[in-house]
Amino acid sequence: MSVKTLFLIGLMLTSCHANPKQAKELGTVKWSRDLSVALEASQKSKKPVFLLFQEVPG
């Protein structure tokens, strides 16, 4: 394998160790990590829900 390939694999593996409970939300979008809360807010605001599925190893 090339050095570039090994570097990219290492970068991907180290980025998988982020703890979502300690993640700091950036920007002005208010994200929710609770689907039921997001669906309720969606109904009230008449806006769609964007789901992001993320696998966190552990």
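The values are calculated or read from the model by the stated rules, or taken from the named source; none is laboratory data. Keep in mind the model is a prediction, meaning the values are calculated, not measured. Every residue, glycine among them, receives a Cβ derived from its backbone with ideal geometry; neighbour counts consider all protein chains shown.
Tabulated data for the structure shown
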| item | result |
| --- | --- |
| Check on VAL49, surrounded by 10 or more Cβ atoms within 10 Å (Cβ to Cβ) and modelled with pLDDT of 80 or more | yes |
| Test result for LEU13, of a type outside the set (S, T, N, Q) and modelled with pLDDT under 85 | yes |
| Subset of the stretch 16-46 (residues that are at pLDDT 85 or above, among the basic types (Lys, Arg) and in a loop (DSSP other than H, G, I, E, B)) | LYS46 |
